[in-house]
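Heads up, the thing below is written out as structure tokens.
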Amino acid sequence: MKLPGMVDVHVHLRVPGGEHKEDFRTGSAAALAGGITTVLAMPNTFPPIVTIDQLSVAQETANRQSLCDVFMYAGASAEHLNELPRLGEQAPALKLYMDQTYGPLKTNGLENLLRVFESWPKNKVICIHAEQESIAAALGLLNAAPRPIHFCHVSRKAEIELIAAAKRQGLPVTCEVTPHHLFLTEQDATRLGRLGDMRPTLAEQRDVDALWEHINTTIDCIATDHAPHTLQEKQGENPPPGVPGLESSLPLMLTAASQGRLSYERLVEMMHFTPRRIFSLPAQPETWVEIDPDSRYEFPDHPLYTKCGWTPFAGLAMQGRIRQVVLRGKTVVKDGVVLSDVNQD
Ligand code: NCD
Ligand code: ZN
Ligand code: ZN
Ligand code: ZN
């Protein structure tokens, strides 16, 4: 079965400042190994990407070092609100953190939030880390400053229902859900210990069920929130939240499709066409993923390419194997091996 190259609009590649966790080369290799040929990289780096200069340097580094297409987000920070219009000429989207999570970015205060909503170009989306009541707050801001917004990693029943209601009212709202929130619950968090901690945290079975009930309607994209941290960090003092996901996302969704939980067409919509449309991403000519939908195996079926070297899905029974990835006419993955000298300058 031939699928288009998958698009992941939420990954953390950790450049600059977190290169011991991931870098453009290892992160993009992990993406390709997972059948993902385009990623959007988050700005919660050290320092964060909040100025034109930082964005330009990070994007140029990404272009030089990545094996797949990488687009850098700009980050919203109260200190650099003046730069938003110019950042908006370069970045495909803005990331706004309304709640506390890993990294140095969080924007507080109604005035700041309104200015962010007003300053970012209206033809580009603002992606928001908003949990629980923060989703209602973001929707409320649309009254004063109507504009497209996109909710990251929606994980709770009440959240997806609120977003569904907003969509019914015609508000310019889209959202993504991660594979870990579709496949794991708080029971898995107990089993996984510190490796099962991420933001939003894993939820109850009723939340997972609610997400699946909205799989053909409210959910626009599957995005990994690939958030690599080393095992040493996860098992040390003050463990940072986040789990890697680039190499398990398509295998998990293929497994769900093989079980009839969604159609292959719907999978491709949420992992290729809709993210490309929301973020106005360019097409990649001669790019596809060859999969064997019948092949069964225990994950992972290849040594992981992410620098953090672990996965919360180790040992899971999967059905649907990535055989080959072709990017712009070149074979870049063959049977779990990233052919890393291709697409390099
Ligand atoms: C992310 C990270 O590590 O950068 N962690 C996480 O638990 N999801 C931050 C984020 O996406 O909120
Ligand atoms: Zn600054
Ligand atoms: Zn987040
Ligand atoms: Zn994230």
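The values are calculated or read from the model by the stated rules, or taken from the named source; none is laboratory data. Only a predicted model underlies this, so the values are computations on that prediction, with no experimental measurement involved. A quick note on method: Cβ atoms are made from the backbone with ideal geometry, for glycine too, and the neighbour counts reach across all protein chains shown. Remember, those area values only see protein heavy atoms, side chains included, never the ligands or the DNA or RNA. Shrake-Rupley method; radii C 1.70, N 1.55, O 1.52, S 1.80 Å.
What the table below lists for this structure:
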| read-out | value |
| --- | --- |
| Considering residues of region 4-18 that are farther than 19 Å from VAL50 by Cβ and out of contact with any helix residue (DSSP H, G or I) (no Cβ under 6 Å at 6 or more places or on another chain) only, the residue surrounded by the most Cβ atoms within 10 Å (Cβ to Cβ) | ASP8 |
| In region 203-227, the residues that are in contact with a His (Cβ under 7 Å, 6 or more places away or on another chain) and assigned to a loop (DSSP other than H, G, I, E, B) | ALA203, ALA223, THR224, ASP225, ALA227 |
| Some residue of region 204-214 being within 16 Å of ligand 4 (Cβ to nearest atom), open to solvent by 10 Å² or more (accessible area, probe 1.4 Å) and more than 20 Å from VAL70 (Cα to Cα) | no |
| Condition met for ALA93 (in contact with a Leu (Cβ under 6 Å, 6 or more places away or on another chain), modelled with pLDDT of 95 or more and either within 16 Å of ligand 4 (Cβ to nearest atom) or of a type in the set (A, V, I, L, M) (or both)) | no |
| Residue satisfying condition, being in contact (Cβ under 8 Å) with a residue 24 or more places away in the chain and within 16 Å of ligand 4 (Cβ to nearest atom), within set ALA29, ALA33, ALA62, ALA76 | ALA76 |
| Residue, surrounded by the most Cβ atoms within 10 Å (Cβ to Cβ), within region 36-47, restricted to residues that are away from ligand 2 (no atom under 16 Å from the Cβ) and in contact (Cβ under 8 Å) with a residue 40 or more places away in the chain | VAL39 |
| Inter-residue pairs, beta-carbon under 9 Å, first within 18 Å of ALA31 (Cα to Cα) and without any contact (Cβ under 8 Å) to a residue 12 or more places away in the chain and in region 278-303, second among the charged types (D, E, K, R) and surrounded by fewer than 11 Cβ atoms within 10 Å (Cβ to Cβ), 6+ apart | none |
| All positions within region 188-226 that are in contact with a strand residue (DSSP E or B) (Cβ under 8 Å, 6 or more places away or on another chain) and among the small types (Gly, Ala, Ser) | ALA223 |
| 1 or more residues open to solvent by less than 20 Å² (accessible area, probe 1.4 Å) and of a type in the set (Asp, Glu): qualifying strands (runs of 3 or more DSSP E) within region 275-345 | none |
| From GLY34, GLY27, GLY75, residue being more than 14 Å from ligand 1 (Cβ to nearest atom), touching a Leu at 6+ places or on another chain (Cβ under 7 Å) and under 17 Å from ASP225 (Cα atoms) | GLY34 |
| Verdict on ALA78 being closer than 30 Å to PRO239 by Cβ and open to solvent by 10 Å² or more (accessible area, probe 1.4 Å) | yes |
